[in-house]
Amino acid sequence: MTFGILGNIGKPALKDVIHDLLAHLRTRQLPFVVLDDLAAWAVASGVGEEIAAGSVCSAEDLPRRCDMLIALGGDGTILMAARLVGRSGIPILGVNLGKLGFLAEVSIGDVTSAIQDVCEGRYVIDERMALTISSAAFSKDLYALNEIVIDKGSSARVIQLETFVNNDYLVTYSADGIIVTTPTGSTAYSLASGGPIVAPKCSVLTINPISPHTLAARPVIVPDDSAIRIVVKGGTKSVHYTADGQSEGMTEAPVEFMVRKSAHPVKLVKRGRHTYYDLLRAKLMWGRDVRLGIKL
């Protein structure tokens with residue numbers, strides 16, 4: 001098995017983690033390739049030995065050069081990894097160098113033991129639904145693990161979002177924008193916008209308005225085989241669209257978008273030691289009295 005490695009060079013903990021990881025892989029004689037920007041940073045930072053040229057690859061070559069991708073960072077790093085290799089079916093092992101982290105499976109101190117578990121087959125693959133958004137406004141579909149967002153961008157005015165599900169008219173939201181989210185993304189932007197938490201195995205999508213200008217507007221949950229069409233007519237100068245907050249663009253109204261479940265799910269490597277509900281309790285601090293940590 002060849003491991004691919006990418007990481008968020010903005011994380012202070014990355015230097016020690018990448019040093020230990022590369023040393024462990026070399027000691028075990030496990031083949032690996034490092035994404036070119038991370039490799040350049042590691043060498044410039046004096047982390048470990050020189051990385052051989054044959055062990056460095058571009059983002060375009062990464063899916064065909066590795067069998068499993070190690071993503072060092074936080075949830076944003078895993079979202080980037082999903083965009084790079086999700087369509088190819090390469091599984092992603094997330095190492096959490098951040099704070100919250102709903103997607104990363106491994107803590108900093110468990111990196112080498114996680115590699116050992118993988119080599120000995122002690123892991124499972126958790127397939128997560130992904131989304132695509134298409135439009136005549138751009139030539140290539142965008143891919144997202146968490147969510148697709150269509151919003152008013154920097155404009156001070158709300159936009160009117162005509163929303164259809166399988167060509168059936170749902171509602172016209174007067175709002176700052178709209179989020180279409182997978183179950184995985186239900187704990188991200190959608191949760192901050194008042195959306196429900198949806199367990200990853202649920203075969204549904206959530207349509208959630210952002211700051212709607214009516215109290216009657218509420219999130220709607222639809223089957224995951226639904227085609228969600230969103231139409232922004234005239235009355236606004238520009239429309240902003242994003243996939244996982246990373247791939248984005250601006251276009252002019254009138255414009256129409258189509259959001260669907262992708263045919264290519266994202267494969268996350270899990271060690272099976274904790275359940276999703278264990279994760280929710282830990283990350284959202286359920287069962288703790290947060291008042292105990294407040295000093296008056």
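The values are calculated or read from the model by the stated rules, or taken from the named source; none is laboratory data. Just so it is clear, the structure is predicted and the values come from calculations on it, not from any experiment. In this analysis, Cβ positions are derived from the backbone assuming ideal geometry, glycine residues included, and neighbour counts consider all displayed protein chains.
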**OP:** Residues being outside any strand (DSSP E or B) and modelled with pLDDT of 95 or more: count how many of those fall in the stretch 65-76.
**Re:** 3
Original post:
Any idea how many residues of the stretch 139-159 are at pLDDT 95 or above and either hydroxyl-bearing (Ser, Thr, Tyr) or more than 21 Å from the chain's Cα centre (by Cα) (or both)?
Top reply: 1
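Which residues, counting only those in the stretch 231-272, are among the hydrophobic types (A, V, I, L, M, F, W, C) and under 29 Å from residue 92 (Cβ atoms)?
Passing the criteria: 243, 257, 258, 259, 263, 266, 268, 269.
Matching residues to (1) modelled with pLDDT under 90; (2) surrounded by 15 or more Cβ atoms within 10 Å (Cβ to Cβ); (3) not assigned by TED's automatic domain parsing to the domain that holds residue 139:
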site	(1), (2), (3)
230	no, yes, no
237	yes, no, no
247	no, yes, no
250	no, no, no
271	yes, yes, yes
Original post:
Looking at (1) out of contact with any Pro (no Cβ under 9 Å at 6 or more places or on another chain); (2) within 20 Å of residue 135 (Cα to Cα), which is the only condition residue 233 fails?
Top reply: (1)
Subject >> Condition check for residue 127: assigned to a strand (DSSP E or B) and under 18 Å from residue 268 (Cα atoms) >> reply: yes
**OP:** Only residues that are of a type in the set (A, V, I, L, M, F, W, C), within 16 Å of residue 225 (Cβ to Cβ) and out of contact with any Pro (no Cβ under 8 Å at 6 or more places or on another chain): list them for the stretch 171-203, please.
**Re:** 180
Original post:
List the pairs whose first member sits in the stretch 260-286 and is among the hydroxyl-bearing types (Ser, Thr, Tyr), whose second member is in a loop (DSSP other than H, G, I, E, B), and whose Cβ atoms are under 8 Å apart, counting only residues at least 6 apart or on separate chains?
Top reply: 262/129; 262/130; 276/199; 276/200
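Residue-by-condition table, conditions (1) surrounded by 22 or more Cβ atoms within 10 Å (Cβ to Cβ); (2) not in a helix (DSSP H, G or I):
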position	(1), (2)
95	yes, yes
104	yes, yes
113	no, no
116	no, no
148	yes, yes
157	no, yes
161	yes, yes
164	no, yes
172	no, yes
Original post:
For the stretch 229-270, which residues satisfy the criterion of being assigned to a loop (DSSP other than H, G, I, E, B) and either more than 20 Å from residue 158 (Cβ to Cβ) or within 25 Å of the chain's Cα centre (by Cα) (or both)?
Top reply: 244, 245, 246, 262, 263, 264, 265
**OP:** Exactly one condition in (1) in a loop (DSSP other than H, G, I, E, B); (2) crowded, with 20+ Cβ neighbours inside 10 Å is not met by residue 218; state its number.
**Re:** (2)
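This table checks each residue for (1) closer than 16 Å to residue 97 by Cβ; (2) more than 21 Å from the chain's Cα centre (by Cα); (3) assigned by TED's automatic domain parsing to the domain that holds residue 106.
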position: 15; (1), (2), (3): yes, yes, yes
position: 22; (1), (2), (3): yes, yes, yes
position: 54; (1), (2), (3): no, yes, yes
position: 60; (1), (2), (3): no, no, yes
Original post:
For residue 62, are the conditions met, namely being surrounded by fewer than 23 Cβ atoms within 10 Å (Cβ to Cβ) and in contact with a Phe, Trp or Tyr (Cβ under 9 Å, 6 or more places away or on another chain)?
Top reply: no
**OP:** Could you check, for the stretch 83-106, whether at least one of its residues is closer than 24 Å to residue 249 by Cβ and in contact with a Pro (Cβ under 6 Å, 6 or more places away or on another chain)?
**Re:** yes
